[in-house]
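See below for the structure under consideration.
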Amino acid sequence: MTAMDLASRARQILRDNDQGGYTIPTAGLYPYQWNWDSVFVSMGFATFDSDRAWREIETLFQAQWPDGMVPHIVFRVDEPSYFPGPGVWQAEKGPLPSSGISQPPVAATAVLALAEHDLERARPLLPKLDAWHRWYHAARDPDGLGIIAVTHPWESGRDNLPDWDAPGDAIDVSKVGDYTRRDTALVDAEMRPKKKDYDRYLALVQFGRDCGWDQHHIAANNPFFVADVGITAILLRAERDLARLAQKLGAPTDAIEARIARMEAGFDRLWNAEAGAYCSLDLRSGQHAEAATAASFLAPYAGIAQRKAAVVDLLGAFAEHVTYMVPSFDPRSSHFDHQRYWRGPVWAMVNWMIAKGLAEHGEDAWAARIRTDTARLIGTSGFAEYFSPVTGEGLGGGTFSWTSAIWLAWNLDEIMEGAV
Ligand code: GLC
């Protein structure tokens, strides 16, 4: 396909996955609205339909809970083929049926970009974004450490990352019972989380459900409470973008600045000297994850520059072991699996965030390399959910919304045009 064909294909995928105001990640596998998927989708729509770009984020915020949380899935329709659906979550605290956990808060970053062309439309979103960020600090950093925990691997958006293996040992799965997964009926089981992981996912949903999604109880007692590099970096970035937005709108920024300062001071708690990388930190055991992940490269995106040389060295170390950057997990580790979801594959939207941060910190060559690799992967293997960093094969679901959106938002045509 030529670059032009790819761009029109990407737009077509977004149109096809559009349910009228919100977009599903892909038909079949993910039939609802997912939080950070919608935000990346909005960045794609912004290149050809700005009203639709705003709508995507506005509909996401329609599901915001009174406490500020924006849920990770919004169950707008009844889709009995999906598991675990609203009946399993029983999270009835918001205005729409939803899950009871959140996902990486990328939205403020997308809204700031949209506001360049229509500042007034951002105004009603400002207090909503602010409430969500405050919720993250209160519910996921109750001790004010400046690093943000996830209470479920799904909350991180990086479901089966090896980082969650050791902390997950503390989860009691004895009451999970029998269930039928839907994902492995639709996608090769080799590309999906294992049963052991899935049992843990469901046990954590049961824990939240049993306490009525009481966030204080969850922060204090959930068997899984792990400070995540991805969420922390993305929130810190989003806070900076929120402060810029507030400033443009003439709103006060002091409270946002105070949160930024706390996170800047806390970020180094994620540094694992032995691994030479920012790694997640199990707040129950005090142990760091033992290896780097793609999120270790999000420090520049978060505006954290003090260990930039080490971050760049680590990129070089990863690049020696794969053909396509950036693998989701350290390719030098024995847990690396180039086909299995978050244990190795490349994800286009993660690449976009990493490269944006690197470019902002003068690492233009690395930013260009990552952008080119992303274009080659999609150009060769299509709009897949994720890609093997070893073979370049497209994996998981096809006709994927966020992969299409990144093609458009990152203007990857430019790279393909150079290549053909
Ligand atoms: C998977 C991914 C998650 C994503 C969702 C929908 O659960 O791990 O990040 O939001 O699918 O695409």
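The values are calculated or read from the model by the stated rules, or taken from the named source; none is laboratory data. Predicted, not measured: the structure shown is a model, and the values here were computed from it. Glycine gets a Cβ as well: all are built from the backbone with ideal geometry, and neighbour counts include every protein chain shown. Note: accessible area is taken over every heavy atom of the protein model, side chains too, but ligands, DNA and RNA are not part of it. Shrake-Rupley method; radii C 1.70, N 1.55, O 1.52, S 1.80 Å.
Values computed for the structure shown
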| quantity | calculated |
| --- | --- |
| Filter result (open to solvent by 20 Å² or more (accessible area, probe 1.4 Å), in a loop (DSSP other than H, G, I, E, B) and within 18 Å of residue 358 (Cβ to Cβ)) within the range 369-414 | 410, 411 |
| Pairs, first more than 18 Å from residue 398 (Cα to Cα) in the range 21-50, second more than 15 Å from the ligand (Cβ to nearest atom) and not in a helix (DSSP H, G or I), C-beta under 7 Å, six or more apart | 50/117 |
| Any pair with Cβ under 6 angstrom, 6 or more apart, that starts in the range 273-292 at a residue that is charged (D, E, K, R) and ends at one that is assigned to a loop (DSSP other than H, G, I, E, B) | 284/225 |
| The range 342-365, subset in contact (Cβ under 8 Å) with a residue 12 or more places away in the chain and open to solvent by 50 Å² or more (accessible area, probe 1.4 Å), residue nearest to the ligand (Cβ to nearest atom) | 356 |
| Hits in the range 324-339 (condition: more than 17 Å from the chain's Cα centre (by Cα) and either crowded, with 23+ Cβ neighbours inside 10 Å or within 15 Å of residue 373 (Cβ to Cβ) (or both)) | 324, 325, 330, 331, 338 |
| Cross-chain or 6+ apart pairs with Cβ under 7 Å, the range 369-397 first and farther than 22 Å from residue 190 by Cα, then at pLDDT below 95 | 371/415; 372/415; 375/415; 375/416; 379/416 |
| Answer residue from the range 1-30, given it is modelled with pLDDT under 95 and open to solvent by less than 20 Å² (accessible area, probe 1.4 Å) and is nearest to residue 55 (Cα to Cα) among those | 29 |
| Of the criteria (1) surrounded by fewer than 23 Cβ atoms within 10 Å (Cβ to Cβ); (2) more than 10 Å from the ligand (Cβ to nearest atom), which one residue 43 fails | (1) |
| Candidates 165, 159, filtered to the one that is under 28 Å from residue 211 (Cβ atoms), within 13 Å of the ligand (Cβ to nearest atom) and of a type in the set (Asp, Glu) | 159 |
| Qualifying positions in the range 177-235 - assigned to a helix (DSSP H, G or I), open to solvent by 10 Å² or more (accessible area, probe 1.4 Å) and among the β-branched types (Val, Ile, Thr) | 184 |
| Residue in the range 69-84 that is over 19 Å from residue 25 (Cα atoms) and in a loop (DSSP other than H, G, I, E, B) present | yes |
| Evaluation of residue 87 against (1) away from the ligand (no atom under 15 Å from the Cβ); (2) open to solvent by 40 Å² or more (accessible area, probe 1.4 Å); (3) in contact (Cβ under 8 Å) with a residue 12 or more places away in the chain (one fails), failing number | (3) |
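Each row is one residue, and each column tells you yes or no for (1) surrounded by 22 or more Cβ atoms within 10 Å (Cβ to Cβ); (2) in contact with a Phe, Trp or Tyr (Cβ under 7 Å, 6 or more places away or on another chain); (3) farther than 23 Å from residue 133 by Cβ.
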residue	(1), (2), (3)
245	yes, no, no
248	no, no, no
264	no, no, no
274	no, no, yes
299	yes, yes, no
